[in-house]
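> Okay, handing you the structure first.
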Amino acid sequence: DKLRSSLPHESSLTLSKNVLAMSAVYYAAIAAGLPQGTFIPVEEVRRAFQTAIEERVKKWPLEKKDVQALSNLTVQLEVAKYLLADDVQVYFARDLEVDGK
């Protein structure tokens with residue numbers, strides 16, 4: 001809610017339709033076991049991120065790689081909750097090719 005309240009005009013910053021997710025979001029998807037290279041409804045993404053967070057918290061104490069994944073999953077879940085509209089389809093990709101390059 002702190003993030004939401006800090007946004008100037010929430011509706012103007014909400015993204016809808018299709019979103020390409022790379023970099024840290026891609027690694028959150030990997031940590032949550034989501035497939036890459038296909039569009040996934042944002043609600044499924046949110047559930048998978050939340051489940052992955054809960055599973056890691058149960059393994060306390062955590063190794064460094066799990067702490068990093070937990071941190072990234074938490075950030076990406078908040079982004080998905082507050083900046084992506086419910087009709088979004090998310091496409092996770094590590095590398096992007098444009099015109100075969």
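The values are calculated or read from the model by the stated rules, or taken from the named source; none is laboratory data. All figures in this text were calculated on a predicted structure; none of them were measured in a lab. Ideal geometry is used to build each Cβ from the backbone, glycine not excepted, and the neighbour counts take in all protein chains shown. For accessibility, only protein heavy atoms count, side chains too; no ligands or nucleic acids. Shrake-Rupley method; radii C 1.70, N 1.55, O 1.52, S 1.80 Å.
> Considering only the stretch 41-60, I want to know if a residue exists there that is outside any helix (DSSP H, G or I), open to solvent by 30 Å² or more (accessible area, probe 1.4 Å) and without any contact (Cβ under 8 Å) to a residue 12 or more places away in the chain.
yes
> A further question on this structure: Looking at (1) on the phi > 0 side of the Ramachandran plot; (2) at pLDDT below 90, can you tell me which one S23 breaks?
(2)
> Output the residue which, of all residues in the stretch 61-101 that are within 16 Å of N18 (Cβ to Cβ) and of a type in the set (F, W, Y), is least open to solvent (accessible area, probe 1.4 Å).
This residue is F92.
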